[in-house]
Amino acid sequence: MQITQEMSLMEKLHILTDAAKYDVACTSSGVDRAGNGKSMGNCLAPGICHTFSADGRCVSLLKILFTNECIFNCSYCLNSCENDVKRASFTPEEICTLTMEFYRRNYIEGLFLSSGILVSPDYTMDLIYQTLYQLRHIHHFNGYIHVKSIPGADPVLVEQTGYLADRMSINLELPTSDSLRKLAPYKSRKTILKPMRQIQNGIQANKNELMIRKAPRFVPAGQSTQMIIGATPESDFQVMSVAEGLYQNFGLKRVFYSAFVNVNHNSNLPMLPGGPPLLREHRLYQADWLLRYYHFQVSELLSEDRPDFNIFLDPKCDWAIRHLECFPVEINQADYRTLLRVPGIGYKSAGRIVQARKHGTLTFSDLKKIGVVLKRALYFITCNGRMMYPTKLDEDYICRNLMGDRTLIPREIRESGYRQLSLFDEGMVSPEAILS
Amino acid sequence: MHILICENSIDGIFSGIYHAYEKRYGHKNTQLSTIEGVDTYQLFCEYEDITTDAAISQKVANTLISRLGTEVYSELCQAISAYESPNERKKHINKAEAVYKTVVLGLSIPNGSHILEYLGNPYVNRVFQLSLSTFNEAHHMLGFLRFSELENGILFSRIHPKNYILPLLADHFTDRLPQENFIIYDEPRKIAAVHKSGSRYMLAEVPQADENFINQFSDKEQEYRTLWLTFFHSIAIEARKNPKLQSQNLPKRFWQDTIELSGNS
Ligand code: SF4
């Protein structure tokens, strides 16, 4: 299209940011890299948030598409070639200038570059490679770069790009290959999983090489992926099982879940009158944490018979209530992994408990200072053999009390008025009981 | 009880600790307090003012580093850099006292580098809380701080943090932007970190900032600000709009130091 030629940088930035915003990943985490005294930039492993947009999400990277032109027509995507939207493309130089000037003003932590597919996957991947090459070698940018690999692109291009990026991702898009076939006919499990495996192997080979000699680093912050939730009928159990498989078999650093927004008003896709399924997305993230930091397995949290998360209780509380035989846990004795399973004890406070009790017996007030959320933990723990209050180790009793704790449903969702409740509330306690 | 009153700074509190040992009243009979921490004088207490002395403070620092390790040392400094509101001062152990008694405990146990694990101890716990508060704000500010390019190419940033985090920020940006000339100005404390391309940064007291100088932006400055605003507004998803979550994640007191939320760009 010709219009792109005369379009101002501002207009392009507007269009290509708008088109990139549904991608949820925006973290700059996973790599520590000190400055080198010459180039601009360094990286901190925990990542840094630079601002929060009106939807409350962290903005860390300049998240843009190279182009929103696309030869394909995935039905959930705004850039589908069947859509009548304004199209634009950056040049590599424009992206470099924006990144450098934003970075030195401390607006951003780096670049997150993704793209629609212009001409062919190889053609697009090459443009992305060119951009990263200029940024690293002409502008000497040493900050964070997250790049999306284009499904179907030449493995050689993917590999070369991996030496310039900190993190790479290929979106799984949908949890099952069936759904993928229906909604994204040009993508397949194969074109997605093949490069994912390639990058995984590349990272491993690079690690081995780095042990014996100095070498350029390949995707040092690891890979991530994203799944759209709520566009297709998969259960939480299916979604989490896929995530678990990706962590275990593909060594992924993160799996992101994106509550579906029906941007195309496509009649093949659910309309979700309550808006995007935010509470469901939230529960999936909580469960994801349990997999990554708390040594839980999906089979402990969900099953064929209980395929979806409880919307009133977070997955950990829900698990604990169904496993009262494991409680109460004695704070001054239980090992780290057992502490991790107690509702109200996060992995940081579990670590602090293990440290602090070496130097003296802990009491409930110590726990509070350490950061334990006592109003949640108190049903499940003893300190020196005593419970905090006389409570019953009884499923209904604890459940009722925990639900009285309004913080169990995240504030942002509580305050959006439980619009999405109707989607799940079958077989649940009546919402009034909790809202009052 | 002997109460030693010291200045609210690293040198001040370290000088206080030195004298608390030197005077030999016994640690049980000695308390340290910052000047701000003394609002009513108590009966049967003897108050002494301690003069801040950089050389003495350096001696204390050396002892702490060699006996407790650099990690504990920097946590202590971080705790001292924390701001205590009048309300907090009423409810909690005074900062100087918490640091002092933590040091006493740390030097009395065989493995002093583990002192900060004694979270059951109220003094250590207070040090931990204070240090965490400084660390958290510094980490936030690493992201929320903004530079503006002045006419002469210098990057200038004005900040209003609660805690004294300027050195932590200056360290970070010296590493990140080694070839830039930049200034970070802590406006409430009237202290600036000044970094010249290719060198270390320096701290300078700036009682009166030259408003003309710091408001002379380069030609390109407005253009990039506008581009940033365009990006900032385009990245939000309308269907998920949530101002409460936004201000929960980015507390309003930081807004004035950003470009996109300060309301004056
Ligand atoms: S290939 Fe990517 S950009 Fe193109 S329509 Fe599908 S999801 Fe959208």
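The values are calculated or read from the model by the stated rules, or taken from the named source; none is laboratory data. A quick note: this is a predicted structure, and the numbers were derived from the prediction, not measured. As a convention, Cβ positions derive from the backbone with ideal geometry for all residues, glycine included, and neighbour counts pool all protein chains shown. All accessible areas refer to the heavy atoms of the entire protein, side chains included, with ligands and DNA or RNA removed. Shrake-Rupley method; radii C 1.70, N 1.55, O 1.52, S 1.80 Å.
Just wondering, is there one or more residues in segment A:180-192 that are out of contact with any Pro (no Cβ under 9 Å at 6 or more places or on another chain), surrounded by 17 or more Cβ atoms within 10 Å (Cβ to Cβ) and part of a helix (DSSP H, G or I)?
Yes, segment A:180-192 has at least one match.
Scan segment A:265-285 and give yes if some residue there is assigned to a loop (DSSP other than H, G, I, E, B), away from chain B (no Cβ under 13 Å), buried (at least 18 other Cβ atoms within 10 Å of the Cβ) and over 15 Å from the mean Cα position of the chain (by Cα), otherwise no. Write out each step before concluding.
Quick first cut of segment A:265-285, residues assigned to a loop (DSSP other than H, G, I, E, B) only: A:265-277.
Add one more test, that the residue is away from chain B (no Cβ under 13 Å), and what stays is A:266-270.
Then keep just the ones that are buried (at least 18 other Cβ atoms within 10 Å of the Cβ); that gives A:269.
Keeping just the survivors that are over 15 Å from the mean Cα position of the chain (by Cα) gives A:269.
There is at least one residue in segment A:265-285 that is assigned to a loop (DSSP other than H, G, I, E, B), away from chain B (no Cβ under 13 Å), buried (at least 18 other Cβ atoms within 10 Å of the Cβ) and over 15 Å from the mean Cα position of the chain (by Cα).
Which of (1) within 22 Å of the chain's Cα centre (by Cα); (2) within 19 Å of A:VAL119 (Cβ to Cβ) does A:GLY152 not meet, given it meets every other one?
(1)
Enumerate the pairs (first residue in segment B:115-129 and under 15 Å from A:GLN355 (Cβ atoms) and within 7 Å of another protein chain (Cβ to nearest Cβ); second residue anywhere and open to solvent by less than 30 Å² (accessible area, probe 1.4 Å) and among the polar types (S, T, N, Q)) with beta-carbon separation below 7 Å, excluding pairs fewer than 6 apart on the same chain, so at least 6 apart or on different chains.
If the second residue must be open to solvent by less than 30 Å² (accessible area, probe 1.4 Å) and among the polar types (S, T, N, Q), the pairs left are B:LEU119/B:ASN125.
Sort through B:ALA20, B:ALA61 and tell me the only one that's in contact with a His (Cβ under 9 Å, 6 or more places away or on another chain), surrounded by 15 or more Cβ atoms within 10 Å (Cβ to Cβ) and closer than 14 Å to B:VAL99 by Cα.
Working: B:ALA61 fails: in contact with a His (Cβ under 9 Å, 6 or more places away or on another chain).
Step by step, each of B:ALA20, B:ALA61 is checked, and only B:ALA20 is in contact with a His (Cβ under 9 Å, 6 or more places away or on another chain), surrounded by 15 or more Cβ atoms within 10 Å (Cβ to Cβ) and closer than 14 Å to B:VAL99 by Cα.
When you scan segment A:65-86, do you find a residue that is among the aromatic types (Phe, Trp, Tyr), open to solvent by less than 20 Å² (accessible area, probe 1.4 Å) and within 16 Å of the ligand (Cβ to nearest atom), even just one? First the steps, then the outcome.
Filtering segment A:65-86 for residues among the aromatic types (Phe, Trp, Tyr) gives A:66, A:72, A:76.
This time we only want the ones that are open to solvent by less than 20 Å² (accessible area, probe 1.4 Å), so: A:66.
Next, only the ones that are within 16 Å of the ligand (Cβ to nearest atom) stay: A:66.
Within segment A:65-86, one or more residues are among the aromatic types (Phe, Trp, Tyr), open to solvent by less than 20 Å² (accessible area, probe 1.4 Å) and within 16 Å of the ligand (Cβ to nearest atom).
If I filter segment A:114-125 for residues that are away from the ligand (no atom under 13 Å from the Cβ) and more than 14 Å from chain B (Cβ to nearest Cβ), do I get at least one hit?
At the first step, the residues of segment A:114-125 found to be away from the ligand (no atom under 13 Å from the Cβ) are A:122-123.
Now narrow it down to the ones that are more than 14 Å from chain B (Cβ to nearest Cβ): A:122-123.
Yes: segment A:114-125 contains one or more residues that are away from the ligand (no atom under 13 Å from the Cβ) and more than 14 Å from chain B (Cβ to nearest Cβ).
When you scan segment A:40-64, how many residues do you find that are open to solvent by less than 20 Å² (accessible area, probe 1.4 Å) and among the aliphatic types (A, V, I, L, M)?
5
Considering only segment A:127-149, I want to know if a residue exists there that is in the same structural domain as A:ILE15 (by TED's automatic domain parsing), modelled with pLDDT under 95 and among the hydrophobic types (A, V, I, L, M, F, W, C).
For segment A:127-149, residues in the same structural domain as A:ILE15 (by TED's automatic domain parsing), modelled with pLDDT under 95 and among the hydrophobic types (A, V, I, L, M, F, W, C): absent.
When the residues of segment A:141-157 are narrowed to those that are more than 16 Å from the ligand (Cβ to nearest atom) and more than 14 Å from chain B (Cβ to nearest Cβ), which ends up surrounded by the most Cβ atoms within 10 Å (Cβ to Cβ)?
Restricting attention to segment A:141-157, the residues satisfying the condition of being more than 16 Å from the ligand (Cβ to nearest atom) are A:141-146, A:154-157.
Cutting the leftovers down to more than 14 Å from chain B (Cβ to nearest Cβ) gives us A:145-146, A:154-157.
Working: A:ILE145: 26, A:HIS146: 29, A:ASP154: 15, A:PRO155: 13, A:VAL156: 11, A:LEU157: 19.
The qualifying residue surrounded by the most Cβ atoms within 10 Å (Cβ to Cβ) is A:HIS146.
Could you check segment B:36-147 for helices (runs of 4 or more DSSP H) lying wholly inside it with 2 or more residues that are in contact with a strand residue (DSSP E or B) (Cβ under 6 Å, 6 or more places away or on another chain) and outside the structural domain of B:PHE232 (by TED's automatic domain parsing)? Outline the logic, then answer.
Details: elements: B:54-80, B:86-91, B:95-108, B:122-144.
Result: B:95-108.
Could you list, in sequence order, all residues of segment A:87-113 that are farther than 24 Å from B:ASP257 by Cβ and either more than 16 Å from the ligand (Cβ to nearest atom) or surrounded by fewer than 18 Cβ atoms within 10 Å (Cβ to Cβ) (or both)?
Scanning segment A:87-113 gives A:THR91, A:PRO92, A:GLU93, A:GLU94, A:ILE95, A:CYS96, A:THR97.
Look at segment A:205-216 and say how many of its residues are without any contact (Cβ under 8 Å) to a residue 24 or more places away in the chain and open to solvent by less than 100 Å² (accessible area, probe 1.4 Å).
As a first pass, look at segment A:205-216 and keep what is without any contact (Cβ under 8 Å) to a residue 24 or more places away in the chain: A:205-215.
In the following step, the residues that additionally are open to solvent by less than 100 Å² (accessible area, probe 1.4 Å) were identified as A:205-206, A:208-210, A:215.
Within segment A:205-216, residues that are without any contact (Cβ under 8 Å) to a residue 24 or more places away in the chain and open to solvent by less than 100 Å² (accessible area, probe 1.4 Å) number 6.
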